[in-house]
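First comes the structure, then the notes that go with it.
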Amino acid sequence: MYVLGIESSCDETAAAIVTERKEILSNVIYSQIDEHKIFGGIVPEIAARAHLEKIDLVVAKALADAHLDISEITAVAGACGPGLIGGLIVGSTFAKTIAMAMGIPFVATNHIEAHALSVRLTENVSFPYLLLLVSGGHCQLCVVHGIDLFEVLGKTIDDSVGEAFDKVAKLLGFGYPGGAALEKEAVHGNDGAFFLPSPLCREKSCDFSFSGLKTAVLIASQRCNSPQDKANLCASFQKTAVNILGRKTKRALNICRAKNIKITAVIAAGGVAANGAVRKELHSVSASDGLSFLAPPPQLCTDNGAMIAWLGVEKLLLNQTHDLNFAPRPRWPLGE
Ligand code: KG4
Ligand code: ZN
């Protein structure tokens, strides 16, 4: 089975071809970052236009890299939400058009669900598993009981952790999106130099809050007088954010135990799961509970077409396909 996955929900135009044997035959990503950078964030209209300009080239390259002709594709999966409506319309319409022209099935995929299941493309993980989903737009802990079966244990009440990384990075002059650059800078800093708050960590819930931490970094940045101070602030922020994620994950594991949910592993997904310090912390939290920690390789944590194609494979194996009149959903919570 050759499934073509198309992703266009945010600022990456991506297409990939994946098989049910977990082979990634191609994975093409066109990042629009250069087009948005000067504005310090994503401009939805520019994103939609860039998707429109690049999508046919990206899909053609995905086919060429996989050495496949379009007539050999079994089905097309398209990200239909959540995300920016302009991009979703471009990508999902492109996917539906291929499905219609070639007379093959179309699978409408949820971008967040694709992140949530992406680990099953690269690892052998069975349900149920505990998932920490950390991206630019989402931050939540849930038990993945199966395809479409999510039990949300907690989520952010304000910013996502990716947004916090990006805002702190922007404040410290790393441009947009700055999560990865902040991680690099943090290596040179002393993570104990600044004391920063950990909002909601005393509460019993698995909910997150990052806006207070962000404000604390803004105030602390006024005491930054040298490049070393800046590196110290990056390290202190990253340590605090990572510690919050670790503590909440530990709490979620306790809830699973109390509910007698037999978790097979702890999984992280989404762009922030590419962060080495996040991975290290989750590894140690999981090990202290006798569980393994798994995550997709960093390049499959950030947005890509392979995770969309893989969710397409998972759904096709359950005979789940969708009508071509499936409307893109800018808001589409997990499991709905
Ligand atoms: O999953 P993703 O590519 O897009 C969304 O679905 O939102 O996640 C993007 C987010 C951005 O906030 C970016 O700064 C963050 O992931 N990110 C990182 C790292 N790489 C990407 N944050 C911290 N450390 C990283 N290495
Ligand atoms: Zn994403």
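Rule-based calculations on the coordinates, nothing more; no lab input. All values derive from a computational prediction rather than experimental measurement.
Scalar couplings 3J(HN,Hα) for the range 130-142, obtained by applying the Karplus form with A = 6.51, B = -1.76, C = 1.60 to θ = phi - 60°, are 8, 10, 9, 9, 10, 10, x, x, 9, 8, 8, 10, 8 Hz; x denotes Gly and Pro. Prolate is the label for the range 152-252, because the ratio a/c of its alpha-carbon gyration tensor axes (a ≥ b ≥ c) is 1.5 or higher and a/b is greater than b/c. The overall shape of the range 83-124 is oblate: from the C-alpha gyration tensor, with semi-axes ordered a ≥ b ≥ c, the ratio a/c is 1.5 or greater and a/b is no larger than b/c. Straightening the chain between VAL152 and ASN319 buys 57.6 nm, computed as 0.36 nm per residue apart minus the Cα-Cα spacing. Dividing the mean sequence gap of close Cα pairs (under 8 Å, 6+ apart) by how many residues the chain holds gives a relative contact order of 25 percent. Kirkwood radius and radius of gyration were both taken over the C-alpha atoms of the chain, and their ratio Rg/Rh is 0.98. Taking only Cα atoms and a 10 Å spring cutoff, compute GNM fluctuations for the chain and point out the largest among HIS322, HIS111, HIS283. Highest fluctuation of the listed residues: HIS322. With a threshold of 29 Å on the Cα-Cα distance, the over-threshold entries among LYS37/LYS250; LYS37/LYS239; LYS230/LYS280; LYS37/LYS96; LYS280/LYS315; LYS22/LYS167 are LYS37/LYS250; LYS37/LYS96; LYS280/LYS315; LYS22/LYS167.
Eigenvalues of the alpha-carbon gyration tensor of the range 126-295, scaled by 5 and square-rooted, set the equivalent ellipsoid semi-axes at 29, 14, 14 angstrom, largest first. Build a GNM of the chain with springs between Cα atoms under 10 Å apart, and of LEU133, LEU213, LEU182 the one that fluctuates most is LEU213. Prolate is the label for the range 200-336. Its Cα gyration tensor axes, ordered a ≥ b ≥ c, give a/c of at least 1.5 and a/b above b/c.
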